[in-house]
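The values are calculated or read from the model by the stated rules, or taken from the named source; none is laboratory data. Worth saying up front: this structure is predicted, and the values here are computed from it rather than measured. Note that each Cβ is placed from the backbone with ideal geometry, even for glycine, and that neighbours are counted across all protein chains shown. Please note that ligands, DNA and RNA were not included when accessible areas were found on the heavy atoms of the full protein model with its side chains. Shrake-Rupley method; radii C 1.70, N 1.55, O 1.52, S 1.80 Å.
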Amino acid sequence: MTYKFFTPSLLSRIGILLFLWLAFTALSPNFSSFSNVYSVFEGFAIAGLVAAGVGTTMLVGELDLSVGSVAAVAGIIAVQCTGFGLVPAVLIASAVALVYGLAQGWIIARTGINSLVFTIATLILVRGVAFAMTPTAVLMPMDRIGMSDFLIFRLFIFSPFSLTTICVITALGLFLGYARWGREMMAFGGARNEARAAGLNMRRPIIIAFAISATLAGLAGSLASIKSASAAPFSYEGMLLTGVTAALVGGVSLYGGKGTMFGVVIGVLILRVLTAGIASRGAAVYVEYLATGVILLLVLVVEFTTESPQRRAWSERRAFERQLAAVSVPA
Amino acid sequence: MSTIVETAAKPRLVMSRAKAFNVALAVGVVVVLIVSGLTQPEFLSADNLVATVRAAALIGIAAVGMTFITLTGNFVSLSTEQTAVITAILCAMALGAGWPMWAAVVVPLAVAMVIGALQGIFVALGLNSIITTLGAGAAIFGIANVITNSKTIQARVPDPMWLGTARPLGIPIQVWIFVVLVLITMVVLRKTSFGRTVKMIGSNSNTARSSGLRITRAVVASFIIASVFAGICGVLLVAQVNQAKTLNFTGFNIDVVAAVLVGGTAIQGGEGSTLRTALGAIVIAMLTNYMLLAQYEYGTRLIITGFVVGGAVIAFNWVRGKSSS
Amino acid sequence: MTETGVSLLDMKNISKSYGHVQALQDVSFNLRSGEVMALLGENGAGKSTLVKLLSGLITPDSGSITLNGEPRTLGTPSAARAAGIAVVQQEFSLVPTLTIAENLFLGSGDVRGLWTGKRLANLARPLLDTVGLEDLDPRRFVSSLSVGELQLVEIARLMGRNAEIFILDEPTAALSDVEIVRVMQVVKRLTAMGRSVIYVTHRLGEVFQIADRATIFRNGRSLDPVPVSELTIDTLVERLLGRHLGEMYPPRAASLGAPRLEIKDLSTPGLSAPISLTARQGEIVGLAGQMGSGASSVLRSVMGISFTSSGTVHLDGTDITKANRQKAISMGVGYCSDDRKFDGIFQLQSVMKNLSSAAINRFSTAGWLSNSRERSLAGQVASKFAFDESRLPSNAGNLSGGNQQKVAVGKWLAISPKVLLVEEPTRGVDVGARAEIYRNLRTLADEGLTIIFASSDMAEVKGLSDTVMTFYRGHLIRVLPAGEITDQQMMLDVTHASVSSTPTTDAVNLSDEV
């Protein structure tokens, strides 16, 4: 088994994506129209960033539940900073998220508190910060509405927003795949004890992972808020669900150490195509919720049956029995 | 290998730890009472205290149920809110359809039980509890919206129900139910083999397995308890407001988890009590009530709550690390 | 390259104690460059303490360490690494989800810039070649390697860190014959390159194949190193044994009862050939064998932890072959693993709850616990196992290793067991607690309990058992009453030194012998 980019599991996911696409196109030919593909990618733009961030924490064997709150705060900061221009506003908001992520990662790495628990506390706290900044939605001044128009400017099926997402995820994928610190994170997530024995720094992977997840959540929140020309303190609560589901659908293992950013991209697209398809069939918005939940449970079951320690113990048993059979036949 | 001196000295320190947690929580309650009483005199009025405990009751009931999940070492459930929502909706629909009250209460609770059992089976099989409950919550919420079409369901009960408004001995019925459930769960955890099993699994599931304890059964039962208790919250809400909608319990998951965490139940499982969780819910309710009286903004209230929860998590983690190393 | 024969590492008058347990006492150890030094000794003799010391995990209480003529302190793992000391552990430090090449450079900080597959593969190639893995693709995932290949990749990784001294800790314990040959070839290659090897093993045959000198540890003390050419198997075994702690063990059973546990043609993972055994009422059966010998596999199979692929197990005539753990427990079978922290005790629960944990139904009625019945049950267990009752309320995790072990074993008395299965009954337990555990187990056997235990401590097996069964690499070698087997015979069986030929022929010789 040598290294391959297109593993069978990735190919099967691409296959599912194509199948869904063709199926929805067959049901409603309009599904493959430029404008619809464009809107799928617009949905991908925001969900992709969050999924990549949450997925990164999953790769190191942790989970960041606070992404939705961070996105809300970043969105408010970005909208309030649009006076400095689009790019500075997004950069300021993302930088704040980065600092927050570094601090959160450092505390988790330092204290060894389970990240699920700790990020529940920060989820509340950061949401509070969002409400403290503005109790109601802030609107972007009309004269800056050009920034929103720019973000959704249609380039073929893409927009500056979705292209940003694609660039960021590509960079993250390269970092995790080919940079030393990135490989250390994968090693850390895959086998913590072995990584410790190999002399790895045991805090760096956690800190980087939480810095990435917060930064990407901040980026997603700021871009999405500027795009809609308003930021509300209560928005982006559903981001976590979408992010985790997409990462799992994309083949990121809950047990850590396994998964690629390209897989996450496929996972997000599968989810977006599915929700767009459901919407194109005229179903209400909340059916998406139902579908996402059901998909999440399905993927969980599939992953469990193929990846979990229990499954491994079972396949070891089968292997041993085969070996026994092979030995006993000639004798 | 430790010396005899060490082993003789340490246990005493550890024995006091569980009590120290209780004392710390009780002290916390008293401090909040005194400080708030001094700064906001109306805080200590009987009416306000009753209102505070009543506010704590719904979150407290769900949190007490969730404590079972936490004790088995399966962290928390993120589908509590949605379970409460769907129970409330089913209850309101049943009442609206003219069912007798007992049926309108029992059938939705049975549904909650099934919801809990399914998640419990998944988790007992080895699936991650956070993700399982996150997914289940989304699915349940979707179903709740589908069956209501996102509209408010009127229970259409002519008189307000006693289950919502009765005040035996001047104390709201919700508080009575809360207190009774806390007492029952305390007894269950301390005095039954199920309760013992739950705590032992959380302490060390490998040892529990090798000791022949019935892990699957206890985990599934814990999820059922958490789910049914969430359902009770849903029913109580319908009884109080005579209607139900999908947005009734927004943010409930977080409040409930916060109560469990502030109560100091070990998130790794094995240690904690429903009494402490209840105290945690009351601390948070008192804090919120005080902040409301002092006219803090919603954002400030959330930030302070976040700090209290985070501080509790770090503090309990630190104390446990100290005594187990 | 340093010249062979120059003293590279010199440790003098090293002492180390844990609490009141003296792990190393005035130990001296010497290693020359380019040699293979075998490090031998029974479990608990102090080998692993020395290895920990050299890898910087612990510091000595007294004594001096000289490396290349300079005095050194190896306070931390990184200091030991910097000093050129590398430990190849039994548990590897390779990450299965990464490729071989990535693992070779993980944690070293040597390779900066992009970690592309090709670049790393090119860097990895020479390292893999030096350990004889010329045909292994560095881009393969570590998860697809065999145990032997893992061991060699681990050595290659340490080569890449410029290690001078390699400590191999029981490198062949889990390897197949072919793989053992490969590892030995690499060891020879290492010494040819001027590196030195400390070779910790329980397999005496390997000493003669590979080592230049041997240092033997006994009860925390070291004997002077001896050139292997001056040794024979017999003199080696003599040096290894030679402790007389006869008073540690209680007298054996005067008479045995009816057959209680009957195992017929049992086949399970870890056993290379089916085995049969019968244990009688009141009998203590000791299964002697090193790690990977299959001795503990038998116990796990009986308990339903690992599965039984063929054969039958009968308890008092009842077939319990298919019984799972709960069923086995309800039938009166207790099992205590060799890792009490993992699945033997509840560290954060009181001793009382630990002692009663396997028998909750014995002090509950319709699901209701009775505190008084629990207390009296735990009290009975405690008194039977000579456990101070005043300790019942304390947390098990805060007890000493010996007392934790007493809890892990003793809790099974609460189910009034018919059969008790114990792996390594005294691992990590000090001498005083050992004697107590032995005495307790014998008393229980005298009351009719059947005890089967697996151990790698030969003195323990011989001293405690009525019947001894020796295991070597998945095969049952010999079954004898404990009074009739000699220490030498047992040591030979489990280390398999009786086969003086190369390891590849082990299997052939074995089938003749069994």
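Mean residue ellipticity at 222 nm from the helices of chain C, using -39,500 (n - 2.57) per DSSP H segment of n ≥ 4 over the full residue count, to the nearest 500 deg cm²/dmol? Before the final figure, lay out the partial values.
Details: 18 runs with 167 residues, N = 514.
Value at 222 nm, helices only: -9500 deg cm²/dmol.
Points 7 angstrom from Cα along the Cβ direction at C:M331 and A:I157: gap in nanometres?
The two pseudo-label positions are separated by 6.2 nm.
So what J values fall out for the range C:47-63 if you push phi through Karplus, 6.51 cos²θ - 1.76 cosθ + 1.60 with θ = phi - 60°, rounded to Hz, Gly and Pro as x?
4, 5, 5, 5, 4, 4, 4, 5, 8, x, 6, 9, 10, x, 6, 7, x
Can you tell me how much longer the chain between C:D339 and C:D487 gets when fully stretched, taken as 0.36 nm per residue apart minus their C-alpha distance, in nm with one decimal?
Length gained between C:D339 and C:D487: 50.6 nm.
How many percent of the accessible area of the protein assembly as shown is carbon or sulfur, using a 1.4 Å probe?
Carbon and sulfur together cover 61 percent of it.
With +1 on the Cβ of every Lys and Arg and -1 on the Cβ of every Asp and Glu, and nothing else charged, how large is the dipole of chain B about its Cα centre, in debye rounded to the nearest 20?
Roughly 920 debye, rounded to the nearest 20.
Tell me, what HN-Hα J-couplings in whole Hz come from the Karplus equation 6.51 cos²θ - 1.76 cosθ + 1.60 at θ = phi - 60° for each residue of the range C:348-362, using x for Gly and Pro?
Using θ = phi - 60°, the values come out as 8, 10, 5, 4, 4, 5, 4, 5, 9, 5, 8, 10, 4, 5, 7 Hz.
What is the extension gain from B:R209 to B:V179, computed as 0.36 nm multiplied by their sequence separation minus the C-alpha to C-alpha distance, in nm to one decimal?
7.4 nm
Could you tell me the center-to-center distance, by alpha carbons, between the range C:380-409 and the range A:64-88 in angstrom?
That distance is 58 Å.
Show the residues, 5+ positions off or on another chain, whose built amide H is closer than 5 Å to the amide H of B:T192.
Residues meeting the amide H criterion: C:L369.
So if we plug the beta-carbon distance of A:S39 and A:A95 into 1/(1 + (r/R0)^6) with R0 = 41 Å, what FRET efficiency do we get, rounded to 0.05?
Here the calculated transfer efficiency is 0.85.
Starting from the amide H of C:A214, placed 1.01 Å from N in the peptide plane, find each other amide H under 5 Å away whose residue is 5 or more places distant or on another chain.
C:A38, C:V226, C:V228
Spelling out what I want: for every residue of the range A:273-279, take phi, set θ = phi - 60°, compute 6.51 cos²θ - 1.76 cosθ + 1.60 (Karplus), and round to whole Hz; glycine and proline get x.
4, 4, 5, 5, x, 4, 5
Can you pick out the pairs among C:K264/C:K327; C:K52/C:K264; C:K327/C:K384; C:K52/C:K418; C:K12/C:K188 whose Cα atoms lie more than 31 Å from each other? Let's see the in-between values first.
On the way: C:K264/C:K327 20 Å; C:K52/C:K264 42 Å; C:K327/C:K384 25 Å; C:K52/C:K418 40 Å; C:K12/C:K188 27 Å.
From C:K264/C:K327; C:K52/C:K264; C:K327/C:K384; C:K52/C:K418; C:K12/C:K188, over 31 Å: C:K52/C:K264; C:K52/C:K418.
Cα gyration tensor of the range A:45-174, axes a ≥ b ≥ c as square roots of the eigenvalues: rounded (a/c below 1.5), prolate (a/b > b/c) or oblate?
The shape class here is oblate.
Using a/c under 1.5 as the rounded threshold, could you call the range A:1-46 rounded, prolate or oblate? The axes a ≥ b ≥ c are square roots of the C-alpha gyration tensor eigenvalues, and prolate needs a/b larger than b/c, oblate otherwise.
Oblate, since a/c reaches 1.5 and b/c is not below a/b.
What does DSSP give for chain C in terms of the percent of beta bridges that are antiparallel, rounded to the nearest 5?
Taking every DSSP beta bridge within chain C, about 55 percent pair in antiparallel fashion.
Student exercise: in chain B, how many lysine pairs 8 or more apart or on different chains have Cα atoms under 24 Å apart?
9
About the Cα centre, and with charges only on the beta carbon of Lys, Arg (+1) and Asp, Glu (-1), how big is the dipole of the protein assembly as shown? Nearest 20 debye, please.
Numbers: 92 positive and 75 negative charges, 459 e Å.
Charge dipole, the protein assembly as shown, about its Cα centre: 2200 debye, nearest 20.
Pull out a ≥ b ≥ c, the square roots of the eigenvalues of the alpha-carbon gyration tensor of chain A, then state rounded if a/c is under 1.5, prolate if not and a/b is larger than b/c, and oblate in the remaining case.
It comes out oblate by the Cα gyration axes.
Summing both sides, how much accessible area is buried between B and C? Use a 1.4 Å probe and give Å² to the nearest 100.
3100
Residue separation times 0.36 nm, minus the C-alpha to C-alpha distance between C:N68 and C:S255: what's the value?
61.3 nm
Using amide H atoms built in the peptide plane, which far-off residues or other-chain residues are under 5 Å from C:T268 H to H?
For C:T268, the qualifying residues are C:S309.
Mind checking the per residue accessible area of the protein assembly as shown for me, 1.4 Å probe, whole number of Å²?
Spelled out: the 1.4 Å probe surface of the protein assembly as shown, per residue, equals 39 Å².
Relative to the longest principal axis of chain C, what angle (0 to 90°, nearest 10) does the C-alpha long axis of helix C:147-160 take?
Rounded to the nearest ten degrees, it is 40.
How high is the relative contact order of the range B:43-324? Use alpha-carbon pairs under 8 Å, at least six apart in sequence, and give a whole percent.
Once divided by the residue count of the range B:43-324, the mean separation gives 36 percent.
For peptide B:124-137, what's the mean number of Cβ atoms from other chains within 10 Å of each residue's Cβ?
The per-residue average across the peptide is 6.
Where in chain B are the helices, taken as whole DSSP H runs, whose Cα atoms extend 27 angstrom or more along the long axis and whose Kyte-Doolittle mean reaches at least -1.0?
B:4-39, B:46-71, B:101-124, B:129-148, B:215-241, B:274-293, B:298-324
Give the percent of DSSP beta bridges with both residues in the protein assembly as shown that are antiparallel, rounded to the nearest 5. Walk me through the intermediate numbers first.
Numbers: 49 of 85 bridges.
Percentage antiparallel, nearest 5: 60.
With label points built 7 Å along Cα→Cβ from the Cα atoms of B:L247 and B:I171, find their separation and express it in nm.
Computed distance between label sites B:L247 and B:I171 equals 3.5 nm.
Can you give the angle from 0 to 90° between the axis of helix A:34-59 and the longest principal axis of chain A, with both taken from C-alpha atoms, to the nearest 10?
60
Per DSSP helix of 4 or more residues, -39500 (n - 2.57); summed, then divided by the residues of chain B. What does that give at 222 nm, rounded to the nearest 500?
Calculated mean residue ellipticity at 222 nm is -26000 deg cm²/dmol.
Using a Förster radius of 22 Å, what is the FRET efficiency between C:N219 and C:N13 based on their Cβ-Cβ separation? Nearest 0.05, please.
Working: r = 17 Å, r/R0 = 0.75.
It comes to 0.85.
Need one number: nm distance between label points at C:E447 and A:D143, each 7 Å from Cα along Cα→Cβ, rounded to one decimal.
9.2
Just to confirm the number: angle between the C-alpha axis of helix C:401-410 and the first principal axis of chain C, 0 to 90 degrees, nearest 10?
Once rounded, one gets 40 degrees.
Show me the chymotrypsin sites (Phe, Trp or Tyr not before Pro) within the range A:2-100 that DSSP assigns to loop and that have at most 12 other Cβ atoms within 10 Å of their Cβ.
Numbers: sites: A:Y3, A:F5, A:F6, A:F19, A:W21, A:F24, A:F31, A:F34, A:Y38, A:F41, A:F44, A:F84, A:Y100; in loops: A:Y3, A:F5, A:F6.
Listed in order of number, the matching sites are A:F5, A:F6.
Estimate for me the total accessible surface buried between chains B and A (protein heavy atoms, probe 1.4 Å, no ligands or nucleic acids), in Å² to the nearest 100.
The B and A chains share an interface burying roughly 3200 Å².
With a Förster radius of 30 Å, plug the Cβ-Cβ distance of B:V29 and A:E237 into 1/(1 + (r/R0)^6) and report the FRET value to the nearest 0.05.
FRET efficiency, B:V29 to A:E237: 0.45.
Inside 10 Å of the C-beta atoms of C:291-300, what's the mean count of C-beta atoms belonging to other chains? Show your work: numbers first, answer last.
On the way: counts 0, 0, 0, 0, 0, 0, 0, 0, 0, 0.
The mean count of partner-chain Cβ atoms within 10 Å per residue comes to 0.
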